[in-house]
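Reading through the structure tokens given below for one structure.
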Ligand code: PMP
Ligand code: GLN
């Protein structure tokens, strides 16, 4: 049979996360590749979900999501960020952030429209822009040697805008670099959106995982941005339950309505009982979220120190589950070669950063490690990488 897959999706094979997790399982490796925690979310969340299932909350919820969850989302966006959202028309529940991203891009990107993305970029953005028939305009995040963090050149961002530009994807805290955009960077992005009448779609799944007292500032809170910004979040990272695949988009009614029109034919609705439990946790488990942030920051430090000791050049991570490490001090040029060799040679899985770039040379030397793991798991990974580094040099 000729290749049945539509042409514009042919460059997309198995996702790097699935591939690396499979390799990790096959080789019994410590999996610092795919970003999922190895401890559970708050006990009350798990118990409430079980209770709701046993009590019979097992049929379709309303398409836009359970009102309890939409109201809880509206309350926390107001409490944390002063954003005022109508839970009936401005909040919409999706099957994870992944479905929120897919529905947003399919709903808002016309064939031939250009979409600005910061690279490295989360893998689903590229695939969904392609599926929508859009064109990516990547703007590089590069390491600033003065601070060790990844940032963009405002002039490069401005020159990426053309008359065909429709939308900009903004992910902060940023996967995979760990960058949390500063107030100046956010102001720059907002100015570009206002000057060129662009829609912003923000991926804020790591909104509660910023470190060292850095605030998470939603783009929607900047002047002139509320009416043009669609914000996407997920319970997966908020409460460390990545399997629950429940997220939400929020923003002005016309943008949310556009997403709703598309999403009703993608998934129609998300789960039921989980949404009720999540609503309760958003209202009542704020202290757990704060403890998780503190714990994750310490894990970042633990892994960063361990990887430096093993010979990697570790970049600054200001948030998320991830940090990026440069393999060149270990005598390698290509992070993909290293990431593909590590499971068999060292018993550790990681993700080559190259796959997150259109301009792959930009990320050739980088490997992404996840630190959302138990301390003993991180220590074991570091010990294995230390032995591997010494045996190779
Ligand atoms: N965006 C980013 C930046 C992510 O890292 C992830 C993975 N959690 C997602 C979206 C997808 O989130 P979900 O699992 O809720 O679909
Ligand atoms: N968001 C997770 C990561 O970046 C993986 C999600 C997935 O497997 N698609 O590792």
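Rule-based calculations on the coordinates, nothing more; no lab input. Everything quoted here is computed from the prediction, not taken from an experiment. Methodologically, a virtual Cβ is constructed for each residue, glycine included, from the backbone with ideal geometry; neighbour enumeration extends over all protein chains shown.
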Cβ pairs under 6 Å, 6+ apart, first in region 74-85 and over 18 Å from residue 290 (Cα atoms), second in a loop (DSSP other than H, G, I, E, B)
74/85; 74/87
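Within region 1-101, which helices (runs of 4 or more DSSP H) (wholly inside it) include 2 or more residues that are touching a helix residue (DSSP H, G or I) at 6+ places or on another chain (Cβ under 6 Å) and closer than 22 Å to residue 204 by Cβ?
Qualifying helices (runs of 4 or more DSSP H): 67-81.
When region 20-30 is examined, which residues are found to be touching a strand residue (DSSP E or B) at 6+ places or on another chain (Cβ under 9 Å) and more than 10 Å from ligand 2 (Cβ to nearest atom)?
If the condition is that a residue be touching a strand residue (DSSP E or B) at 6+ places or on another chain (Cβ under 9 Å) and more than 10 Å from ligand 2 (Cβ to nearest atom), then 23, 24, 25, 27, 29, 30 are the ones that fit.
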Region 300-331 - residue that is farther than 19 Å from residue 144 by Cβ, touching a helix residue (DSSP H, G or I) at 6+ places or on another chain (Cβ under 6 Å) and part of a loop (DSSP other than H, G, I, E, B) and, of those, farthest from ligand 2 (Cβ to nearest atom)
311
Among the residues of region 113-121, are any more than 15 Å from residue 136 (Cα to Cα) and either part of a helix (DSSP H, G or I) or within 13 Å of ligand 1 (Cβ to nearest atom) (or both)?
no
(1) crowded, with 20+ Cβ neighbours inside 10 Å; (2) without any contact (Cβ under 8 Å) to a residue 60 or more places away in the chain; (3) over 22 Å from residue 37 (Cβ atoms) all hold for residue 363 apart from (2)
Residue count, region 128-143, condition surrounded by fewer than 18 Cβ atoms within 10 Å (Cβ to Cβ) and either free of Cβ contacts under 8 Å to residues at least 12 places away in the same chain or part of a helix (DSSP H, G or I) (or both), comes to 1
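Considering each of 106, 83 in turn, give the residue that is surrounded by fewer than 23 Cβ atoms within 10 Å (Cβ to Cβ) and within 16 Å of ligand 1 (Cβ to nearest atom). Give the derivation first.
Working: 83 fails: within 16 Å of ligand 1 (Cβ to nearest atom).
After applying the criteria, what remains is 106.
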Any chance you could count how many residues in region 184-201 are part of a helix (DSSP H, G or I), surrounded by fewer than 21 Cβ atoms within 10 Å (Cβ to Cβ) and over 20 Å from the mean Cα position of the chain (by Cα)?
8
